[in-house]
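Each value in this text was obtained by applying a stated rule to the coordinates, not by laboratory testing. Since this is a predicted model, take the numbers as computed values, not measurements. In this analysis, Cβ positions are derived from the backbone assuming ideal geometry, glycine residues included, and neighbour counts consider all displayed protein chains.
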Amino acid sequence: MKKVVFTICAKNYLAQALTLKESCLKHNKDVDFQIFLADKVEEENILKESLVLLDESWISYWKQMAFKYNVIEFSTSVKPFCFNKLFKEGYDKVIYLDPDIYVTDSLDTIFGYLDQKSIVLSPHYCHIQENYTGSVPEEELLFVGIYNLGFCAIKNGLIGKKIIKWWMNRLEDKCYADKIDALHVDQRWMDFIPAFFPNDTYITQHPGINPAIWNLHERELLIYENKYYIKDLVTKQEFPLLFFHFSGFDPFNEKVLNRRHPKYNTDIFPSYIPLIKEYIKAEYRNGYELYSKMIYSFNAFNDGENIMPIHRRLFRIINDSTVEDPFQQNSNFRNILKKNKLLSNRKTYAFSSLSSVEKKKKGKVESTMKGTFFLLKKIVGIRFYSSFISFLGQFVRFENQTFLIKKK
């Protein structure tokens, strides 16, 4: 049985990916490990790493996908294509792990699940609570999906291939993070799988698999003889910690477990401090200070002109299949944007097209707009104002800005 673990990342997450690889191979001598780079390689110091690069031979429309998706959307959109590539390479059992995961024990338990099942999924948390005490709001989890796809294991078989083929089809065009379309990248799609394949899906409640900010309220870290264990605070059972998911973690701030939920820190979850310190050392050893500063190549056209979120979503709607490389300076889509004065004329690979001065002005503009809306409500009354706001909710979507493009 050929077994492999893989991850996907952009250049700025290479330290995390290399730390994952190091930790995985330390505890799993009989598996292969591959890092897929959802980015371009332009820096010489990256070339020494063993990476799987984007190529039309295994993902035909990756340039179009890289253009219409942001960095998170793109990195997750290629996931089933990576599974498919590894299946074709002859791997029988394949585990995906997010780059910000740290392995602390053998993954044989997970590979063992695939002896009987075709896919293994991990719910964000496992125990029902009448009065919910978790760090991440339940409403947020309803949006992002029941299962966390920072981890997924699939067997190379009839059902596994069927899942991958279906998943590739969906993520080629529908891997956006978009509440209006009920999409959350690759993750929400997996909510279908237990209904499609109830006899071939294993939903693991092993507390040592994928502990993270969204389930720490039901899991405590223990250390016995230099080995990590997780105590299920509901069942009181103890299991080996197989891997911890450092989702949203910033090595520059070791007190905060997740930058999006800063109030849930090590003061609340002190048992995780030794693991955090170990992980930070590993990240710096694997080049965090170097890689974390690298730019994402697909934030700009080939000439450096900044790609804005509105450009990506307009490309989604126009969906011009004749555009072989939308990043080219003279591509059809770039010419459409230029003709309609929809380019920012800023040479930057930053995620925002606003300059530092413009960002300072943003607060004043927002304050002025609030005053304008308040005045509008006073003039037209609450009924018409309410209808107007309802209309804006749909109108302000980037996808609905196609009126900015003049028809021939």
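Of note:
- Complete set of residues in the range 145-188 that are aromatic (Phe, Trp, Tyr) and touching a residue at least 24 places away in the same chain (Cβ under 8 Å): Tyr147, Phe151, Trp167, Tyr176
- Qualifying residue in the range 165-180 (condition: buried (at least 22 other Cβ atoms within 10 Å of the Cβ) and out of contact with any Asp or Glu (no Cβ under 8 Å at 6 or more places or on another chain)): no
- Checking Val4 against (1) more than 15 Å from the chain's Cα centre (by Cα); (2) closer than 16 Å to Cys152 by Cβ; (3) not in a strand (DSSP E or B), the condition it does not meet: (3)
- Every condition in (1) among the hydrophobic types (A, V, I, L, M, F, W, C); (2) in a loop (DSSP other than H, G, I, E, B); (3) out of contact with any strand residue (DSSP E or B) (no Cβ under 7 Å at 6 or more places or on another chain) holds for Ala212 except the one numbered (3).
- Within the range 90-130, considering residues that are part of a loop (DSSP other than H, G, I, E, B) and without any contact (Cβ under 8 Å) to a residue 12 or more places away in the chain, the one surrounded by the fewest Cβ atoms within 10 Å (Cβ to Cβ): Glu130
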